[in-house]
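Structure record follows, encoded as structure tokens.
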Amino acid sequence: MTRLHEAVRAAARRHPDRPAVTGPDGSLTYAELDRRADAMAAHLAAAGVRPGDRVLIWAAKSCAVVTAMQAALRAGAVYVPLDSTSPARRAAKVARDCTPRVVCTTPERAREIAPWLDSATVFVNLGEPLPAAVPPPAETGEDDLAFILYTSGSTGDPKGVCLSHANAFAFVRWAIATLAIGPDDRLANHAPFSFDLSVLDLYGALCTGAAVHLVGAELAYAPVQLAEFLRQREISVWYSVPSALMLMLREGGLLDRPAPPSLRAVLFAGEVFPIGALRELAGWTRARLLNLYGPTETNVCTAHEVRAEDLLRDRPVPIGTAASGDTVWTAGPPGEPGELYVRGPSVMRGYWGKEPHRGPYATGDLVTVRDDGAFEYVGRRDAMAKVRGHRVEPGDVEAALHTCPVVAEAAVVVGGEALEARLVAFVVLRPGARTGVLAIKRHCAERLPTYLIPGEVHTVSALPRTGNGKIDRTALAGTLREGSAV
Amino acid sequence: MQADVEQRLVEFIRDKFLAGDPEGELGADTPLLQWGILDSLKVAILLTFIREQLGVIVPFQHLSAKNFGTVGGIAKLVRELGEPAPDYADSVHSLPPA
């Protein structure tokens with residue numbers, strides 16, 4: 001098996017009646033998912049989708065969305081899953097970049113986005129039942145692209161990370177082997193499909209005949225409900241950003257009842273898991289705990305299984321050693337933090353519309369090497385920040401703020417850490433301009449997915465500058481810590 | 001109770017997420033998710049308020065963009081799901097018979 005969509009066909013033959021996907025719109029068995037994916041692939045082909053074409057998928061998580069992803073691959077196409085919270089304007093920006101043949105969405109969203117797109121754009125309604133059909137055969141090689149994941153770009157234009165079937169398989173095979181995922185497993189899919197974490201849940205399940213249970217955006221950070229979901233659905237493999245786990249621990253009453261016996265592995269990635277909270281988690285469940293690391297461009301390239309001795313230290317657990325068949329190293333002098341480089345099968349093909357990526361990938365993350373060869377995460381070498389695992393380029397948010405007619409100048413910093421992490425915007429209004437917080441948020445909401453919308457907006461008379469005239473972000477972040485933001 | 005719940009939700013959202021909303025921009029029909037007033041983390045904060053102050057636990061199956069799109073939608077959901085909290089006992093009689 002070298003192509004992602006072969007997995008569901010194979011699982012449908014071996015386990016036709018086992019549940020494949022459960023979402024807000026119900027459940028699909030492998031046989032149903034296989035049939036629907038075929039019907040939709042035929043529909044896509046009839047709509048003009050040819051191998052190598054892009055299929056944009058813009059909708060809240062559902063079985064229908066998973067079906068569309070499989071259908072796109074069966075048609076030989078490349079799917080582009082957008083963050084469901086992305087507004088029409090942002091979705092249109094991505095569409096202009098990747099020029100999809102078809103946009104799969106709901107009728108309401110199609111109406112919303114249509115004015116922003118070429119009038120020739122073909123829309124496919126995700127909710128529409130389709131007659132059974134066999135799609136025309138599409139030749140896809142393992143080095144062909146499977147999906148493009150768009151991530152925050154520093155200039156305000158999202159960047160499309162292009163991943164091939166082989167890229168995805170390098171990680172998925174590693175994950176299946178490391179976790180021994182099998183048909184009895186029930187994986188939670190917490191991350192949005194636009195986020196690389198979701199590749200493990202989806203394909204870890206679909207490649208083994210296991211079940212994947214979708215967590216929608218509204219449920220993703222609701223502590224009590226999320227803890228209930230974990231129990232009721234008898235999840236065996238959980239993978240999310242640490243923030244979601246911490247919320248369940250702190251506010252969801254997760255620890256008030258014994259750990260469900262079904263839970264056998266808890267994986268986390270995307271941000272640092274504070275050691276105190278991790279100790280609580282480890283004290284509650286006997287499940288394996290794994291810290292995974294890797295940017296979207298490489299997916300997981302290092303991993304560390306938490307051991308008893310890691311919990312005795314007063315610092316976060318290491319990000320570990322190479323995974324997914326990759327080679328990782330740092331170029332720094334011994335003992336000093338250096339940038340982490342990655343080479344290997346999980347490294348992306350490149351950014352959409354740019355030159356293909358060649359050679360090692362420089363992560364921008366600073367690490368140190370321990371005596372046992374494991375890496376420890378130190379920090380970033382640029383302005384990129386993480387908010388609950390989501391990569392945030394402040395410049396992306398500032399670019400949106402700068403298009404607001406009442407804003408003369410804006411700077412965005414990340415305030416707080418872990419659960420308290422939030423984007424804070426400091427704006428200088430144009431002379432005589434008056435505006436409310438809602439108007440500025442709304443302006444951002446029309447342009448950015450919700451995770452990029454500033455949680456706080458402060459109006460200031462001027463932004464602090466450094467000696468060379470640049471906006472002094474350190475000073476801005478400092479005013480937040482002192483609680484003296486004006 | 002509908003109007004009352006709605007009012008309490010509006011006040012809470014104004015106070016917590018809109019710096020008091022001095023321009024009075026928030027209404028029962030304001031698109032909360034679309035306009036970036038609520039994100040997934042703020043939905044969680046709101047759920048805590050609904051649980052602790054309105055006495056209603058929203059099951060995970062009800063957490064959807066449809067139900068959380070506007071204050072009016074949330075108030076409707078809260079009313080449908082819930083017995084009023086004890087300090088709401090006085091307003092029980094104003095509910096339509098079940």
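Derivation of every value follows stated rules applied to the coordinates shown; laboratory data play no part. Because the structure is a prediction, the values reported are computed rather than measured. Heads up, the Cβs are rebuilt from the backbone with ideal geometry, glycines too, and the neighbour counts pull from every protein chain shown.
Worth pointing out:
- All Cα-Cα separations within the range A:87-161 were binned at 10 Å from zero, giving a P(r) of 15, 39, 34, 11, 1, each value a whole percent of the pairs.
- Whole-Å distance, taken between Cα centres, linking the range A:91-136 and the range A:392-458: 30
- Cα lying deepest toward the dipole's positive end in the range A:1-53, options A:A41, A:T2, A:L28, charges on Cβ: A:T2
- Spacing of the modelled spin labels on A:M1 and A:S262, each 7 Å from Cα toward Cβ, amounts to 2.2 nm.
- When each of the peptides A:7-19, A:296-308 is scored by the mean number of other C-beta atoms lying within 10 Å of its residues, the order from highest to lowest reads A:296-308, A:7-19.
- Residue-averaged beta-carbon neighbours from other chains (10 angstrom radius) around B:15-22: 3
- Extension gain (nm, one decimal) between A:A408 and A:R279, 0.36 nm per residue minus Cα-Cα: 41.8 nm
- Farthest towards the positive end of the charge dipole of chain A, among the residues A:L179, A:S262, A:H458, is the Cα of A:H458, using unit charges on the Cβ of Lys, Arg, Asp and Glu.
- Taking the Cα centre of the protein assembly as shown as reference, the dipole from Cβ charges on Lys and Arg (+1) and Asp and Glu (-1) amounts to some 800 debye.
- Part-to-part distance (alpha-carbon centres) for the range A:319-341 and the range A:141-207, which is given in Å: 22
- Label point at A:R288 placed 7 Å out along Cα→Cβ; residues across the range A:370-412 whose backbone nitrogen lies under 19 Å: A:374-375
- Against the empirical 2.2 N^0.38 Å (N residues), the range A:393-482 has a Cα radius of gyration ratio of 1.03.
- Projected label distance in nm at A:N468 and A:W329, using a 7 Å step from Cα toward the beta-carbon: 3.1
- Sites A:A477 and A:R370, calculated FRET efficiency, Cβ-Cβ separation with R0 22 Å, nearest 0.05: 0.15
- Annotation for A:A180 and A:A418: the two label points, set 7 Å from Cα along the Cα-Cβ direction, are 3.1 nm apart.
- Under the convention that each Lys and Arg Cβ holds +1 and each Asp and Glu Cβ holds -1, the size of the dipole of the range A:372-486 around its Cα centre is about 360 debye.
- Per residue of peptide B:61-69, the mean number of Cβ atoms on other chains within 10 Å of the residue Cβ is 5.
- Bridgeable aspartates and glutamates around B:K16 (alpha carbons under 12 Å apart, same-chain partners fewer than 8 residues away excluded): A:E456.
- The value for the protein assembly as shown of Rg(Cα) / (2.2 N^0.38 Å) is 0.96.
- With contacts taken as Cα pairs under 8 Å and at least 6 residues apart, chain A reaches a relative contact order of 13 percent.
- Three-way shape label, the range A:354-418, alpha-carbon gyration tensor, a/c 1.5: oblate
- Helical runs assigned H by DSSP (4 residues or longer) give chain A a calculated mean residue ellipticity at 222 nm of -8500 deg cm²/dmol, each run adding -39500 (n - 2.57) before division by the residue total.
- Counting every pair of alpha carbons in the range A:257-320, the share spaced more than 13 Å apart comes to 62 percent.
- Full extension of the chain segment joining A:E142 with A:S461 gains 109.3 nm, where the gain is 0.36 nm per residue of separation less the Cα-Cα distance.
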